[in-house]
Each structure stands twice: as C-alpha cells, then as structure tokens.
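Just below is one structure, and these are the notes that go with it.
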Amino acid sequence: MQETARVVVIGGGVTGCAILYHLAKAGWSDVVLLERSELTAGSSWHAAGSLFAITTPSNASVLQKYTQDLYPELEKESGQSCGFHRTGGLLLVRTPDQLTALQLAQSRAKRVGIEAEFISIAEAKRLAPILNTDGIKAVVFEPTRGFCDPASVTQAYAKAARDRGAKVHRHRPVTGLKLLPSGEWEVETPKGSIRAEFVVNAAGLWGREVAAMAGITLPLMPVEHHYMVTETIPEIAALDHEIPNIAEAGAGYYCRQEGKGLLLGAYESHCVHWAEDGTPLNFGHELLPDDVTRMEVNLARAVEAIPSLENAGIKRVINGPMIFSPDLGPLLGPYPGLPTYICAAGVMTGFNQGGGIGKVLAEWIIEGEPSIDVSFWDVARFGDWAGKGFTRARTKYFYEHRTDLYYPYQEYEAGRPVRTFPAYDREAAAGAVFGFSFGNEYPLWYAQDGEERRDRYGYGRGNWFEAVGRECRATREGVGLFEVSTFGKYEVTGPGAAKWLDGLLANRIPAVGRTLLCPMLSPKGRLVGDFTVTRLSENRFWLLGAGVMQRIHMRWFATLLPKDGSVKVENQSLRYAGLQIAGPNARTLLQRVSESDVGANSFPFLSGRQMEIARCPEAVAVRVSFTGELGYELYVPAEYQRVLFDELTAAGRDLGLTLAGSRALLSLRLEKSFPTWAAELGPDYTPMEPGLMRFVRLDKGEFVGREALAAQSKDGPREKLSTFVVEADGVDCFGGEAVLRDGKYVGYVTSGGFGHTVGESLALAYIRSPAWEPGARYEIELLGQRRKAVLSAKPRFDADGARMRS
C-alpha cells in the first residue's frame, strides 16, 4: 500500500524541521520529513548559531525575533535544551557613518518592539571586559542577540513535531519527484514512494538538486565560510557572566562566547565558491579544508577590538559550505507554475530565521497566504534572468561585503547588466546613471556635462540631488520623458475576461476606452496588487503594476483562472517597452507624434486606447499620472521603443523636453502624496490604511477579499498613511525612521525625500489611528536627531489634482 501524506518536507536541517513543527502545531499531523542522512547533515551541523534580530526590512526582524522568542517555548514543549543563551550584543562604532547607521537601526527597531540603546563605553567595558575601547566612539546594546546550539535546536524541532504526530525518516533520500495529473506529488525514495499534496524543498545544500527533480532551476550557489573556536581565554574564565556577542559594521567578523573561549566568524574579503555545478550526494557531516589566511584581514580587525584573541590558542577551525541566493536571502513560497511545490531554500541563518520561516510557510500551505508580507524573500522575486553567472557574481559581492554599511538608494554593479531595453543606448548617451530592477537596467538620473556620472552614497543628500531637482522642475514647467519599461504589463483577453477581473479586483471594471485604479486583495482583505486597468475593447484589458511583482502576480492570477479557458492572461512585461511623458506640454508633444486626436475631450484623464504613435500601429496609450502633471504612459512592442524615443525627443525640443529618471519620478510623487508598491503598499495593509478605499466598491458584488475587508472596515484602519513636512535642515528621510508624538512612538516613515518644486523635505509615514491629527506637531528620528514635522492633510502640490486632469 502506497504511503500518503499531506506534506512531504525534504531536508532534515533546522529549516525543514522548523517547517515540520509548525505544520504539526497548526493541526496538520499527517506530514512527513525525509532526510537523506542524519538530521543537521549539510550546513546545519556546523553553523555558528549566532542570533540577532535587528535587520532590514522590518518584517525580517519580526521573523527573527519570533524565532528567538520561540526557543524557550520549544524547550518546554520538546523537553530538550536548545542551548539558548540570550546574552545581548554589542555593536561597536568607530566612524561617523557607523554611528549614523546604528542610529537608524535603533529607530527602525522600534517598529517591531526592539528597544536597542546606546550605552556608555564604561558600561560596554563592564559587560565585556575583554574589549579594547580605544578608537570606539559609541556602542549600541541590542538585547535580542545571543546564540544557540545548532544540533540541539534541530533535534528539539524534530521531537516536538513527532510529539504532535509528524513523522521523521532519516536515511531516506528522495530520488525523484513526479507531478501527477491530480496535482499531487509522487515522492520517490529507495524505500517506496509517498503521495503528497505538497512537497517542500528544504534540502539546503541540495536545494538545486531537489529543484531539478521538479524540472525547475533555483538561483543558488554554495560558498565556503570560516569560523574558529579558541581555547579557554583567562579573562573570560574569570568572569561571573557571559559576555554579549560583539560585532562591528564593515569589519567582516562576528564574535560570541563559546564555553570559556570565543567563537570568531569571518566573511572573508575573498569569497570562494564551492560545488558550483552541484553538491556531491555523498557529502554530509564533512568539512572543507581550511585556509585561515583568508581570515587574516578579519582576524586583525577583531584583535584590534579584542586583544586577547592575539594570544589565544585555536581549538578548531571550521570551514563549511553554505548556500546562498543572489541577495543572500531565502527563497520561499510556491514556485511559479507549481503551486504545491513550496521552496524553503537558500536559508543563510536558519537558527536565526528558521522558526519564522516555518511559521509563515505553514500558514502559506494551510491558509493560502502568510500572515505578514514576505515578498522580500519570495522565490518569485527572481526570474529566469537570474542565471548562474549572475548568481555567482552577486553571491560573491554580498558575501564579501556582508557586514558593510548599506546606504540609502544604494545600487550594486555586480553581475550587471543582465537585460537592457532598446532605448538603453540612447539613455546612456544622454548621461543616464542606471539602476537595476527585476533584471532590467533603467535610468535613475541624468548627469550633464561636468557632473560625475555615478552615484556617491552617504546619509546626506546624494550627488544626484541637483540633477534630480533639475529634472523635477523641467517636468513641472515643460515636459519630462521617463523610462517606464520596468513596470509589470499584463494583457487579459477572452469572453470571460470582464467577469473574471470583476471577481478578482476590488474596484469596478472600466468601460471600453476608460482606465481605473484597481486594488487586488487576498481572501483576508490584504493588498496583493495595485493595478492601473485599461479596457481596450470589450474582451481585452491592459493591466499595469509593480514590475518586481510580475512573477508573484502571474502566480496569483494562475491560481484563480477559470478552468474553461475563457480567460487568457499574458505577461507582456518584456514584449512591450514603455516611455512616459508628463508635464504641461505633454499633450502637445503626444499630438505631434500620433495619428489620433489626443485633445482633452477626446482623450480625457483616466482613459486609454490602442493607437498609432511614432509609426508604431500597436501602441497602447494610457492617460494617468504618477507625477501630478498631465501625463501619458506609452507602451509599444519593444522593437519600436528606440524609434518612439527618437521621435519624442526630436518633437519635444522646443517644448522644453527633458530626460528624467526614476528618482525625479519618486520626488514628484511625494509632492502628490502618491503611495508606491513595497513602500506604502503591500500585503501588510488593507486598502484602508493607505487611503485606497475610494478605489474599492464593496457594493458591486462578490470579489476576492470582499467579505474580510467589509468586516475589517467596521473597525476602521489601525494606522493611516500621512504626509509630513519635515524641518530637515539639509537632510531627508528615506524610510524606516520612527515618528513620535509627545515623545512616544506612534508610527514609522515609509519613504521620504526632498520635494524640489515645493521646496520642502517630505515624508510619507503610517501613523497609529488614535495619534493621527492634521496640523499636529510630531517628531521624526532623522539621522539620530529628533526633527520637527507637521502632518499635512493634503498633498503639498496641486492638492485638488487640477493639473493632471487638465
């Protein structure tokens, strides 16, 4: 008789065991974990077990804090120690930028309830007498830091899962996967097959191999990683308490107590990849040959802070492989096109994140969606463009720079370019400085003669400040030309298209030739999409959304498509390229290059059509505005974009046409208080919080999320998106800063910057509803200082929207 299970988890490391435990805890006891060798084989057994919670984005902190808070409960439930030590951690500051970075981290941590604090040098010395405080300017104490015992944690998850009815099979490798016509999986092993509703790839170092069994490729690459453990250090042996973990931004090391000595880990300045073409199947509890010379730079920096390391004996050196995605973040969730194939791969710090990952994946499997937004770790954030070369280059860069300071708006050159749109060379010739989004290059800003054509990063205003101001003013006064090819573009057709979209989206469906803004909700009423929807004909619709979400959106569409074939959804994001024109002269410019009447009456605000533009007969023009100006988004098959670019620039010379980048676009939208995806919009919010209820029609009939949103709307929003004018004195918010009222935390900034055409430093922030009051005085923790801020009930530019509707 064939074995069956609701879920088969492949991989007995900490992540797999944590997922198994959370599935069982949620009531799914008919779940099985298959481990090819012993639990912890691969990477888990040799992990350092260091713990921390403060990180970005804030939901990553939530998951890491949850993981740590779970350990005492797990110990009680399993009856087994996790070797959990909450020692706290000391973060050392030597430079002004390090100080600013930690001030920002401290402010951001308030959102998730972590009260990190600056302590005196004397207090740091008391907590860690081994510290050499020469050159240290400040110290932050993070209370959530500590460490655990990797083997004990893994076994505790497994035991607690078994106690709840789950099964764990060791020495049972998976040799194949077959997707059955029923949608179930046949999991093949030497001891027979198991039929399962879901499979979870938690195979760690073998994540690529288990992906290949399902016919997919995951962007993963193993690297070697060193740490060492010292013999007893007399200064530590003499203490009556454990010392806190010690870390220093930019120094490339981490340190914690191990017995009466220290464990010192290094993110070596020269990354060495391992097993690039596949992890050996016979690898298990082995280590790699060590090369401590690769740690010399890191060790020297650690000795500067902890002199006793210089003469400490070395008990053992660990060099073991870890497997990473291109940005070092986990790859989580259903793989696009395979809704029951769940990824839990590339988990870098499983003992720091495993509990949280287990929780959200159990929710995803059982309830259909996780309880918090984890799109920053979603497997679908990478597309087919993330190949082996890109993954190698990015893992190398981010590993080598793992502890570096990361600055606002920072872009990374490693592995680029991957893809370029046809107008790329035109934009480059015009001085474009490019950013990177979902594999694509796009202009951030344009340098003119005499301006350095690259970003210079810091915590103040960037070297692009004046250029962005120039582009903003030119758009408001004449016409700006923006590259918008990175937007997600979807074509929905078929006799059932209108009915399907009406049940999918929260707004009503537009009439032919009209455009509407339409939120897309999950069954729990949370935002999972925000689209500009244009009805080009009775059964043809054009949807525009956030480009980074395109695989996530396509996955969502696929789960809800009717089975009768009456609706077809095509991702046209690469097939079509786009340019946007915005400004008071935009209509005149469009008329010069089009074959149709685009006057205010024939082409009003929130309308769209297919028309001939610049000799492209298949152009789609949509009259919308993200700048607050009269504007049009123009989409053409990619092979026409260069001609469209040339025609627009030639026709716009006497109209004040200026090429403008995305940073100008983001500044202009701040002046209009327009929210954007991943900053103000996402699954952590319903339409109520960002003020999108005007785009929701609860009375139109059934749609996904209607019932949940209707119930939640009775209580109103828990927080409100607000615009602030900040007394910033030459610096600006950029996101994450705490907002205070009467000295108490009441909210957080989502995005900010300078409004170049209103002359104000602006911030968008979510404020707890009881603390929301227009005109009231607030404070924002900006770069370590509390800055006065006033809540503005209206946008700072053209509050009634007359210009974009003209």
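So here's what we get for this one:
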| item | result |
| --- | --- |
| Nearest-20 debye value, the range 68-155 charge dipole, Cβ charges on Lys, Arg, Asp, Glu | 320 debye |
| If the convex hull is drawn through the Cα atoms of the range 1-120, its volume per residue in Å³ | 157 Å³ |
| Loop-located trypsin sites (Lys or Arg not before Pro) in the range 537-610 whose Cβ has at most 16 other Cβ within 10 Å (DSSP) | K563, R575 |
| Cα centroid separation, the range 632-702 to the range 132-208 (Å) | 41 Å |
| Inter-part distance where the range 308-343 and the range 508-550 are each reduced to a Cα centre, Å | 38 Å |
| Charge-dipole axis of the chain as Lys and Arg at +1 and Asp and Glu at -1 on Cβ define it, positive-most pick from I121, F438, N352 | F438 |
| Farthest positive-ward along the range 93-221 dipole, Cα basis, beta-carbon charges - from Q103, G146, A160 | A160 |
| Loop sites in the range 277-311: GluC sites (Glu not before Pro), DSSP, at most 13 other Cβ within 10 Å | E286 |
| Dipole axis of the range 187-313 (+1 Lys, Arg; -1 Asp, Glu on Cβ), positive-most option in F198, A302, P234 | F198 |
| Environment charge of G701, counting only residues whose C-beta is closer than 15 Å and scoring Lys/Arg +1, Asp/Glu -1 | +1 |
| Long-range HN-HN contacts of D530 with modeled amide H, under 5 Å | M520, A546 |
| Part-to-part distance (alpha-carbon centres) for the range 228-272 and the range 14-34, which is given in Å | 33 Å |
| Under 5 Å, built H, 5+ apart or other chain: amide partners of R419 | E441 |
| Residue-by-residue Karplus 3J(HN,Hα) for the range 723-732, coefficients 6.51, -1.76, 1.60, Hz, glycine and proline x | 9, 10, 9, 10, 7, 8, 6, x, 10, 9 |
| Surface share of carbon and sulfur [accessible, 1.4 angstrom probe, percent] for the range 479-624 | 52 percent |
| Student exercise, the range 647-806 dipole from Lys, Arg, Asp, Glu Cβ charges, in Debye to nearest 20 | 260 debye |
| Cβ-based net charge around T4, under 10 Å, with every Lys or Arg adding one and every Asp or Glu removing one | -2 |
| Coil-residue GluC sites (Glu not before Pro) of the range 208-253, DSSP, other Cβ within 10 Å capped at 14 | E231 |
| Cβ charges +1 (Lys, Arg) and -1 (Asp, Glu), total dipole of the chain, debye | 1600 debye |
| Total formal charge among the other residues, if their Cβ is under 15 angstrom from that of A203, Lys/Arg +1 and Asp/Glu -1 | 0 |
| Spatially proximal lysines relative to K714 (Cα-Cα < 19 Å; intrachain offsets below 8 disregarded) | K524, K700 |
| Under 16 Å from K137, Cα to Cα: lysines that are on another chain or at least 8 residues apart | K125 |
| Accessible area of the chain divided out per residue, in Å², using a probe of 1.4 angstrom | 37 Å² |
| Exceeding the 25 Å Cα-Cα cut-off - candidates K672/K788; K65/K788; K499/K672; K159/K396; K720/K794; K76/K260 | K65/K788; K499/K672; K159/K396; K76/K260 |
| Interchain or long-range residues, amide H under 5 Å from F434's placed H | L444 |
| Ordering of 115-122, 333-340, 57-64 by packing [mean C-beta count within 10 Å, highest first] | 57-64, 333-340, 115-122 |
| Integer Hz, Karplus 6.51/-1.76/1.60 couplings in order for the range 676-690, x for Gly and Pro | 9, 5, 6, 10, 9, 10, x, x, 7, 10, 8, x, 5, 4, x |
| Whole-Hz couplings from phi, Karplus 6.51/-1.76/1.60, listed for the range 215-227; x for Gly and Pro | x, 10, 10, 10, x, 9, 8, x, 10, 7, 9, 9, 8 |
| Extension gain (nm, one decimal) between K178 and Y406, 0.36 nm per residue minus Cα-Cα | 77.8 nm |
| The chain: equivalent-ellipsoid semi-axes (sqrt of 5 x gyration tensor eigenvalues, Cα, Å) | 45, 33, 25 |
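The values are calculated or read from the model by the stated rules, or taken from the named source; none is laboratory data. If you're wondering where the values come from, they're calculated on a predicted model, not measured in any experiment. Cβ coordinates were reconstructed from backbone atoms using ideal geometry, including for glycine residues, and neighbour counts include every protein chain displayed. Please note that ligands, DNA and RNA were not included when accessible areas were found on the heavy atoms of the full protein model with its side chains. Shrake-Rupley method; radii C 1.70, N 1.55, O 1.52, S 1.80 Å.
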